[in-house]
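One structure is given below, encoded as structure tokens.
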Amino acid sequence: MPYFNQSTAYPPVFFLTGIPGLETSQAWISIPFCCLYAIAISGNGMILFVIITESSLHEPMYYFLSMLSFTDLGLCFSTLVTVLGIFWFNVREISFDACIGQMFFIHGFTFMESSVLLVMAFDRFIAICNPLRYAMILTTSRIIAVGFVIVIRGTTALVPLLLLLKRLSFCHSHVLHHSYCFHPDVMKLSCSDTKVNSAFGLVTVISTAGLDSVLILLSYVLIIHSVLCIASKEERKKAFGTCVSHLSAVAIFYIPMISLSLVHRFAKHAPPFVHTLIANVYLLIPPVMNPIIYSVKTKQIRKAVIKVFFIKPS
């Protein structure tokens, strides 16, 4: 069979997987995937464009939103070639170095998005709990510095993880369970001892996305406490309304991530298509949904997007 390699040659060649059991229908399956990629790329590109061109959106909240759109675009382009390559041309083979490179971008942009969501939670916390100092705290120079920290944090956390992966031997099946390279998936194919890799991978996830989720939760506990202290019911409703978009973005990012982790850890005997489906949802749903959420829920973004199409808002 072409998808199994018993050779111990290094570096190995891996074989990606489409939708197991539906190989004959891949051309049709590619249509919804193409639509999702098109929506994600055009939507996030539009958000970036309107924030850059509209001076009224040159505020901390929208700068952070542009960072979110940038990371979503990065996630889309990280998987676009391999996913559509499988569906359109049945190109499943990927070299070990290319696999390492793809993992760097996929996990790097994932960690960056987690950091951006944390910063956006901090932005909402300052705006609601300490509005008089909002402009003083979130200056342009500090926002730029935060952007650099997010990039450095997202990339440096991965370097040791990927270097540890390069020391492993792969002498059994080289068939991955996803249409892109995913660290736990690649690690499972090794015939070497992966205890160090697993431990370091767990520490990396806990110290990035895990820590971010706890701090986001803490931010909203403080926000809720502050909002409940507001006497006016209308003001409380308005304050909570400014958080809806961000809470939605947090949910669509963390729920698929947790689901994929649980499937890898506890559903090893689940049908193969379950792994593939959850894996694609994990990376595609946030980039698709974030522009829609912010365009619908944020009046300023909605007006700016309408203006791009030369239609005057009512």
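The values are calculated or read from the model by the stated rules, or taken from the named source; none is laboratory data. The structure presented is a predicted model; accordingly, all values stated were derived computationally and were not measured. Here the Cβ is made from the backbone with ideal geometry for all residues, glycine too, and neighbour counts use every protein chain on show. These accessible areas exclude ligands, DNA and RNA; they are computed on the full protein's heavy atoms, side chains included. Shrake-Rupley method; radii C 1.70, N 1.55, O 1.52, S 1.80 Å.
Name the residue that is nearest to Ala157 (Cα to Cα), counting only residues in segment 88-97 that are surrounded by fewer than 21 Cβ atoms within 10 Å (Cβ to Cβ) and touching a residue at least 12 places away in the same chain (Cβ under 8 Å).
Residue satisfying both the conditions and the ranking: Asp97.
Need the failing condition index for Gly108 against (1) at pLDDT 95 or above; (2) farther than 29 Å from Val175 by Cβ; (3) open to solvent by less than 10 Å² (accessible area, probe 1.4 Å), just the number.
So Gly108 meets the others, but not (2).
For segment 218-253, which positions are among the small types (Gly, Ala, Ser) and either surrounded by fewer than 14 Cβ atoms within 10 Å (Cβ to Cβ) or within 18 Å of Pro60 (Cβ to Cβ) (or both)?
Matches in segment 218-253: Ser219, Ala231, Ser232, Ala239, Gly241, Ser245, Ala249, Ala251.
Considering only residues that are buried (at least 18 other Cβ atoms within 10 Å of the Cβ) and acidic (Asp, Glu), which ones fall in segment 185-203?
Asp185
Name the residue that is farthest from Leu165 (Cα to Cα), counting only residues in segment 92-105 that are touching a Leu at 6+ places or on another chain (Cβ under 7 Å) and aliphatic (A, V, I, L, M).
So the residue we want is Ile94.
When the residues of segment 122-167 are narrowed to those that are closer than 12 Å to Pro60 by Cβ and hydroxyl-bearing (Ser, Thr, Tyr), which ends up surrounded by the fewest Cβ atoms within 10 Å (Cβ to Cβ)?
Ser141
I'm trying to understand the selection: among the residues of segment 260-314, which are open to solvent by 90 Å² or more (accessible area, probe 1.4 Å) and modelled with pLDDT under 75?
Residues satisfying the conditions are Arg265, Phe266, Lys268, His269, Phe273, Phe309, Phe310, Ile311, Lys312, Ser314.
From the residues in segment 252-298 that are assigned to a helix (DSSP H, G or I) and basic (Lys, Arg), which one is nearest to Gly45 (Cα to Cα)?
So the residue we want is Lys297.
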